[in-house]
Every structure is written in structure tokens, then in C-alpha cells.
Amino acid sequence: MPDALPPARPHLQFTDDGRRLRQVLTYSRRGSRFTPSQQESWDAHHEKWVIEDDAVDQAGFDLMERFGRDAPLIIEIGSGIGEATAALAAARPDHNILALEVWMPGVAHTLGLLHQAGAENVRMLGVDAIWSLENLVEPASLSELWTFFPDPWPKTKHHKRRLVTASFAQLVVSRLRPGGTWRLATDWADYADQMIAVLDAEPGLTGGRVERWADRPVTKFERKGVAVDRDIVDLAYVVRSG
Ligand SMILES: C[S@@+](CC[C@H](N)C(=O)[O-])C[C@H]1O[C@@H](n2cnc3c(N)ncnc32)[C@H](O)[C@@H]1O
């Protein structure tokens, strides 16, 4: 990784005259207050499992060092309250799992679930996932990427905030190893169509719609979608080798 990285927190960047820099972000800045049980989980576990925001854009930051071991890396983007993270990580003790989530109450909740599940192989980071993939992950190094129920941004004027775009797909292809898998799920039909169109058009990927991934636990956002009769779409794409 280069010595001098661009600052890691796009929502905290300011112009020279002190105004907030306007950028298209894939997340909205939600409340940061913890419930008492989230606070308890945070206090008990953050030192062990949360990578501090301001560590990652310092020269010499080494992601693998934070896991304390070399192991194949899986990243989850938008882990929410961590239901999928904890269950999937506990079932993959031989992998390092990095969960990227900017909503800190969700991170705190996840810490409690990781503890219950005994998932020692997870690190959490509250920094923008696009920045993190670009700057913290070596090319062709990632085994899997999971994006389950990314924010759907349903209004047309907000579609530009959706995570899965052609340029993001290019970035993902550059970071996954050949043969590495990108698993996605959404309950939003036109976002599913957009994902399929974008990923089918990406020459580095092959794949498409798959049966519900049996390992994937039902999450809060999946429950919300099912409650209003939305069709859940699972996708899996693999990076072509050679
Ligand atoms: C709709 S929620 C889904 C959460 C969870 N995967 C689930 O299924 O319940 C999407 C989450 O992605 C997070 N998110 C969106 N864009 C992000 C980004 N660029 N970096 C990190 N987290 C992001 C949001 O904060 C939000 O918690």
C-alpha cells in the first residue's frame, strides 16, 4: 500500500474554506447513539475487534497484522447489525473476515453477536467500503466479497448512490483473486436488474442469479422485504481466471 493515502472518511472531508465536501455516498449518516446493550458490547469488545477509523490512513497500516495471522480474506460490505457476519464467520474459522459498516450502533450490536458466536476471526471497520477496498486491499487478494441487501436507494434521483455500479464492479474484480466469488442479495427488483446488467457486462466476471445461498442467515433487511412480499434475489459471480 502507498505511504500517503487519501483521507479515509469521505463524509468528514471539508473544503479549504471549511464547508463539508459534497460527495455521492452509498450510505446515509444515521444516528450514532448506542442502546445500553450496544454500549455494553462496544465496551467489552471494541478494542479487540474494531479497527479504529484513524488507523487506516496512516502510513504503514497493515490489514493482515490486525488479524494477527495470514489467512484467506473475505469482506462483507454493509454488515448492518451483524446477523450474517457472526453466523458465516463462525462457520469459517479458517478465514479472516473484514466487516465494513459505517453505522456504529450496528457495529456495536455485531460485536455482541460475534462474542455469542465465538467468531474470533472478524475485524470491523467503520470506514467507507469503497475507500477501504481501494486503499486497504491488495489487488487479486480477496477470496470472497459479500454484499447482502445494500441500500436500495429507490428514488430515481438517488440511483447514483447505489453501491453496485460498473465502476464499483471493476474495483471488485481487481481486488478478488482469480476464481474469487462475489455474493449479493437484494429484495429490490429494479436493483436486482441493475446488478445483473452491470455484472453481466463486466468482462472479468461470470455468473448470475442463483438459488438462495443456503449458508446465508436471514437478516433484518431480508425480513423487512419478505414481510412486504418482495422477491429475494441471490446472485453469485466469479472472477474469471486468465
Ligand atoms: C440496507 S442495510 C443492510 C444491512 C444488512 N446487510 C442486512 O441484510 O440486514 C445496508 C447497510 O450498508 C451500510 N453501508 C452502505 N454503504 C456503505 C459503505 N460505502 N461503506 C460501509 N457501509 C455501508 C449501511 O450503513 C447499512 O447499514
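Values quoted throughout were computed directly from the atomic coordinates according to the rules given, and no laboratory measurement underlies them. These numbers come from a predicted model, not from an experiment. Cβ coordinates were reconstructed from backbone atoms using ideal geometry, including for glycine residues, and neighbour counts include every protein chain displayed.
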Taking only the alpha carbons of segment 35-147, the radius of gyration and the largest Cα-Cα distance, Dmax, both in angstrom, are 12.9, 41
Which one, HIS158, HIS45, HIS95, has the greatest fluctuation when you compute a Gaussian network model over the chain with C-alpha springs under 10 angstrom?
HIS158
Using a Gaussian network model of the chain whose springs link C-alpha atoms within less than 10 Å, name the residue from ALA227, ALA89, ALA192 with the highest mean-square fluctuation.
ALA227
Test of understanding: given the chain, find the longest segment containing no GluC sites (Glu not before Pro) that are in a DSSP loop and have at most 15 other Cβ atoms within 10 Å.
121-210
Sorted by chain and then number, the residues having a modelled amide H within less than 5 Å of the amide H of VAL50, at least 5 places away or on another chain, are MET124
What is the pair-distance distribution P(r) of the chain, computed from all Cα-Cα distances in 10 Å bins starting at 0, with each bin given as a whole percent?
7, 31, 39, 20, 3, 0
Using label points projected 7 Å from each Cα along Cα→Cβ, tell me how many nm separate SER167 and ILE232, to one decimal.
3.3
Across the alpha-carbon set of segment 138-242, Rg over Rh with Rh taken as the Kirkwood radius works out to 0.97
Note on segment 138-242: contact order normalised by length, alpha-carbon pairs under 8 Å, 6 or more apart, percent, works out to 34
Cut-off 13 Å between beta-carbons: net charge of the residues surrounding VAL198, Lys and Arg +1, Asp and Glu -1:
-3
Between segment 111-174 and segment 63-108, what is the C-alpha centre distance in whole Å?
10
Relative contact order (percent, whole number), the chain, Cα cutoff 8 Å, 6+ residue spacing:
19
